[in-house]
Amino acid sequence: MAYVVTDNCIKCKYMDCVEVCPVDCFYEGENMLVIHPDECIDCGVCVPECPAEAIFPDTDPSAAPAWLALNHQYASSWPNVTRKKIPPGDADAWNGVPGKFDAHFSGKPGEGE
């Protein structure tokens with residue numbers, strides 16, 4: 001089992017989860033984060049830290065197999081991030097908005113460290 005980041009992270013990107021990860025398995029995209037499933041040690045400490053409630057175990061129905069594949073794909077090409085950054089100014093407005101993946105997902109990498 002691994003944890004995965006799902007669509008509610010898109011345009012929120014709070015990054016509270018990054019600071020508590022003991023193995024630094026978060027990777028940064030332009031407008032969301034992903035977890036590298038091969039690096040995640042399944043500890044779950046990131047889950048309660050996510051204000052957007054976007055992190056789920058890959059066995060949870062909210063984390064459909066497509067999310068595991070997406071996290072793996074983009075963690076392999078996006079830069080690693082280990083420190084919390086300032087979230088977007090409108091992050092709270094985007095929290096919980098449905099349909100963000102189809103409308104706003106970007107495969108572009110973030111800045112990383």
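Points to keep in mind about this one:
- The set of residues in region 98-113 being touching a residue at least 60 places away in the same chain (Cβ under 8 Å) and either surrounded by 14 or more Cβ atoms within 10 Å (Cβ to Cβ) or not basic (Lys, Arg) (or both) consists of Lys100, Phe101, His104, Phe105, Ser106, Gly107, Pro109, Gly110, Glu111, Gly112.
- Checked against the criterion of being of a type in the set (Val, Ile, Thr), out of contact with any Asp or Glu (no Cβ under 8 Å at 6 or more places or on another chain) and farther than 18 Å from Ala2 by Cα, region 34-57 contains not a single residue that satisfies it.
- Residue that is surrounded by the most Cβ atoms within 10 Å (Cβ to Cβ) [pool: residues in region 60-90 that are assigned to a loop (DSSP other than H, G, I, E, B) and touching a Ser or Thr at 6+ places or on another chain (Cβ under 8 Å)]: Ala63
- Residues of region 42-59 that turn out to be farther than 14 Å from Cys12 by Cβ and part of a helix (DSSP H, G or I), as a count: 2
Each value in this text was obtained by applying a stated rule to the coordinates, not by laboratory testing. The shown structure was predicted, so the numbers you read here are calculated from the model rather than taken from an experiment. Backbone-built Cβ (ideal geometry, glycine too); neighbour counts: all protein chains shown.
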